[in-house]
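> Could you have a look at this structure, given as structure tokens, before my questions?
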Amino acid sequence: MKTYGIIGKTCLFFGLTVLLSCQGDRDTLQMRYPGYFPEPEYTFGNNVLTSEGFDLGKKLFYDPILSKDSTVSCASCHAQEHAFADHGTALSVGVGGKMGSRNSPAIVNAAWQTSFMWDGGINHIEIMSFAPLTNEVEMAEDMNHIIQKLSRNDLYRSSFQAVFGKPKIESQQVFYALTQYMAMLISDDSKYDRVKQGKSAYNEEESAGYSLFIQKCATCHPEPLFTDYSFRNTGIGSKSNDTGRYKITLDDRDVYKFKVPSLRNVALTYPYMHDGSIRNLRSVLDYYSEGIRESDLLDPSLYKNGRPGIFLTEDEKDKLLSFLNTLTDFTFTTNPLFAE
Ligand code: HEC
Ligand code: HEC
């Protein structure tokens with residue numbers, strides 16, 4: 001709730017319900033986030049953030065009309081109760097039952113992201129939606145047809161007109177609206193955040209887990225976003241023969257590097273890794289501790305005392321798991337503002 005505020009207009013801000021009942025002229029929205037977050041990467045610029053624009057983006061996000069046969073929406077693979085990752089499946093199913101080769105990432109704090117996709121193949125949130133809309137194994141549609149379908153729908157025609165003030169719907173408006181929704185998916189009310197804000201305290205195990213996390217994991221998953229958005233080789237290789245960052249840079253040193261994922265809400269985004277090959281968090285820790293093998297391109301920070309891997313005792317794993325669970329933000333996953 002505190003993530004939103006209204007500037008301009010006369011409506012008072014008491015919470016989400018008031019926000020949504022504020023109809024009429026466009027209401028400018030402002031992004032709100034805690035003081036310990038860095039400045040976001042994306043700040044809307046020409047894409048003026050309004051409550052109508054956000055609502056339109058949300059409607060598009062949940063509408064299968066954007067896919068070729070009207071069966072698949074963005075939300076089919078990005079579910080709020082899983083922090084906008086898929087519903088516990090390793091690989092997502094798109095139009096016609098086709099399957100991709102990568103696990104659907106969560107969409108969390110996307111406005112802070114410096115690149116998108118596991119290989120960072122997309123560098124700007126405003127062009128992000130083009131990929132899933134047109135990808136054969138996702139929504140398999142083409143932009144012209146999407147615009148035709150939306151233009152035939154009275155409700156969409158009037159919403160686009162109200163938000164963008166132009167007589168015709170254009171592709172860029174679809175991207176802008178979806179961006180308004182995605183960039184506002186801010187998760188900042190987990191127990192971790194409440195501890196950070198002095199409103200709650202860790203128990204003994206969580207506290208020990210936090211210390212271990214800072215020592216052993218934070219090089220790549222630094223707080224408060226729990227990723228540095230870099231590309232790293234964790235030695236996991238790829239079940240789907242996916243070379244990761246190499247696909248984009250064609251630099252041999254980038255083979256099997258994948259974007260470091262945020263760990264916010266990680267308890268809800270199973271299964272794990274770019275190919276969904278690890279089923280639960282305990283097994284991820286087992287992998288870091290005992291599963292990493294020597295290899296040329298393994299990230300240097302995954303060597304401890306000259307040996308590959310981050311060795312953890314079973315007791316340390318328990319503590320780390322307790323800490324990782326404090327990153328779950330139920331305010332985020334149940335926020336009616338984000339729901340269909
Ligand atoms: C069929 C399942 C599916 C559908 C439908 C789908 N996505 Fe995705 N999404 C994925 C997968 C899989 C990836 C990872 C792709 C990759 O790394 O190459 C992804 C990646 C993303 C990312 C990047 C996240 C990150 O951390 O890098 C965003 C944002 C996103 N999708 C938004 C959307 C939007 C918006 C729509 C609707 C227009 C949509 N997705 C539709 C499966 C889907
Ligand atoms: C060298 C950098 C690095 C270090 C150190 C590191 N990670 Fe990761 N982590 C990554 C990368 C890169 C991925 C994605 C790998 C992939 O998909 O193939 C990842 C994935 C994960 C995932 C899966 C998340 C998801 O959404 O799929 C979890 C959980 C995780 N790491 C937890 C940890 C913990 C706990 C530690 C400390 C014990 C740690 N990591 C240390 C780079 C690192």
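> In the list V260, V266, V255, V284, which residue meets the criterion of being β-branched (V, I, T), within 8 Å of ligand 2 (Cβ to nearest atom) and farther than 19 Å from H82 by Cβ? Spell out the reasoning first.
Values: V266 fails: farther than 19 Å from H82 by Cβ; V255 fails: within 8 Å of ligand 2 (Cβ to nearest atom); V284 fails: farther than 19 Å from H82 by Cβ.
Only one candidate qualifies: V260.
> Can I ask one more? From the list K239, K216, K196, which one is touching a residue at least 12 places away in the same chain (Cβ under 8 Å), of a type in the set (K, R) and within 17 Å of L312 (Cα to Cα)? I'd like the intermediate steps shown before the answer.
Working: K239 fails: within 17 Å of L312 (Cα to Cα); K196 fails: within 17 Å of L312 (Cα to Cα).
Result of the check over K239, K216, K196: K216.
> Scan L312, L281 and give me the residue that is closer than 22 Å to L212 by Cα, in contact with a strand residue (DSSP E or B) (Cβ under 8 Å, 6 or more places away or on another chain), of a type outside the set (K, R) and in the same structural domain as N203 (by TED's automatic domain parsing). Working first, answer last.
Values: L312 fails: in contact with a strand residue (DSSP E or B) (Cβ under 8 Å, 6 or more places away or on another chain).
Going through L312, L281 in turn, the sole match is L281.
> Sticking with this structure for a sec: Residues that are closer than 29 Å to R32 by Cβ: which helices (runs of 4 or more DSSP H) entirely in the stretch 183-250 hold 1 or more of them?
Numbers: elements: 191-196, 204-216, 246-249.
Because the criterion is at least 1 residues that are closer than 29 Å to R32 by Cβ, the helices (runs of 4 or more DSSP H) in the stretch 183-250 that meet it are 191-196, 204-216.
> Which of (1) in a helix (DSSP H, G or I); (2) in contact with a Lys or Arg (Cβ under 8 Å, 6 or more places away or on another chain); (3) more than 23 Å from G237 (Cβ to Cβ) is the odd one out, the single condition D318 does not satisfy?
(2)
> Can you report the number of residues in the stretch 254-307 which are part of a loop (DSSP other than H, G, I, E, B) and without any contact (Cβ under 8 Å) to a residue 12 or more places away in the chain? Give the steps one after another, and end with the answer.
Residues of the stretch 254-307 part of a loop (DSSP other than H, G, I, E, B): 255-256, 260-265, 269-271, 273-277, 279-280, 292-299, 305-306.
Now narrow it down to the ones that are without any contact (Cβ under 8 Å) to a residue 12 or more places away in the chain: 279-280, 296, 305-306.
Number satisfying all stated conditions: 5.
> Considering L225, L185, L212, which residue is within 29 Å of E141 (Cβ to Cβ) and either within 16 Å of ligand 1 (Cβ to nearest atom) or assigned by TED's automatic domain parsing to the domain that holds Y303 (or both)? Walk me through it before giving the result.
Values: L225 fails: within 29 Å of E141 (Cβ to Cβ); L212 fails: within 29 Å of E141 (Cβ to Cβ).
Checking each option against the conditions leaves just L185.
> Can you name the condition, by its number, that L324 falls short on among (1) in contact (Cβ under 8 Å) with a residue 24 or more places away in the chain; (2) over 22 Å from E204 (Cβ atoms)?
For L324, the exception is condition (2).
> Also: Among the candidates E126, E136, single out the residue that is within 16 Å of the chain's Cα centre (by Cα) and more than 10 Å from ligand 1 (Cβ to nearest atom).
Details: E136 fails: within 16 Å of the chain's Cα centre (by Cα).
Testing whether each residue is within 16 Å of the chain's Cα centre (by Cα) and more than 10 Å from ligand 1 (Cβ to nearest atom) leaves just E126.
> Next question, about the same structure. Going by what's in this entry, would P271 be described as of a type outside the set (D, E), closer than 22 Å to H78 by Cβ and in contact with a Lys or Arg (Cβ under 7 Å, 6 or more places away or on another chain)?
Yes, satisfied.
> If I ask for residues that are surrounded by fewer than 20 Cβ atoms within 10 Å (Cβ to Cβ), in contact (Cβ under 8 Å) with a residue 40 or more places away in the chain and over 23 Å from A111 (Cβ atoms), which ones from the stretch 70-90 would you list?
Once the filter is applied, which keeps residues that are surrounded by fewer than 20 Cβ atoms within 10 Å (Cβ to Cβ), in contact (Cβ under 8 Å) with a residue 40 or more places away in the chain and over 23 Å from A111 (Cβ atoms), the stretch 70-90 yields G88, T89.
> Go over the candidates S129, S104, S151 one by one and state the one that is crowded, with 21+ Cβ neighbours inside 10 Å, farther than 30 Å from E206 by Cβ and modelled with pLDDT of 95 or more. It would help to see each step written out before you state the result.
Values: S104 fails: farther than 30 Å from E206 by Cβ; S151 fails: crowded, with 21+ Cβ neighbours inside 10 Å.
The match here is S129.
> Further, regarding this structure: Considering only the stretch 197-213, I want to know if a residue exists there that is more than 16 Å from ligand 2 (Cβ to nearest atom), crowded, with 21+ Cβ neighbours inside 10 Å, of a type outside the set (V, I, T) and closer than 30 Å to D27 by Cα.
Within the stretch 197-213, none of the residues are more than 16 Å from ligand 2 (Cβ to nearest atom), crowded, with 21+ Cβ neighbours inside 10 Å, of a type outside the set (V, I, T) and closer than 30 Å to D27 by Cα.
> Mind listing whichever residues of the stretch 92-126 are touching a Gly at 6+ places or on another chain (Cβ under 7 Å) and away from ligand 2 (no atom under 13 Å from the Cβ)? It would help to see each step written out before you state the result.
Going through the stretch 92-126, the residues touching a Gly at 6+ places or on another chain (Cβ under 7 Å) turn out to be 92, 94, 100, 103, 118-119.
Listed by number, the residues that qualify are S92, G94, G100.
> Quick check, is F323 at pLDDT 95 or above, more than 8 Å from ligand 2 (Cβ to nearest atom) and of a type in the set (F, W, Y)?
Numbers: at pLDDT 95 or above: yes; more than 8 Å from ligand 2 (Cβ to nearest atom): yes; of a type in the set (F, W, Y): yes.
Criteria met by F323.
The values are calculated or read from the model by the stated rules, or taken from the named source; none is laboratory data. Please read all numbers here as calculations on a predicted model, not as lab measurements. Glycine gets a Cβ as well: all are built from the backbone with ideal geometry, and neighbour counts include every protein chain shown.
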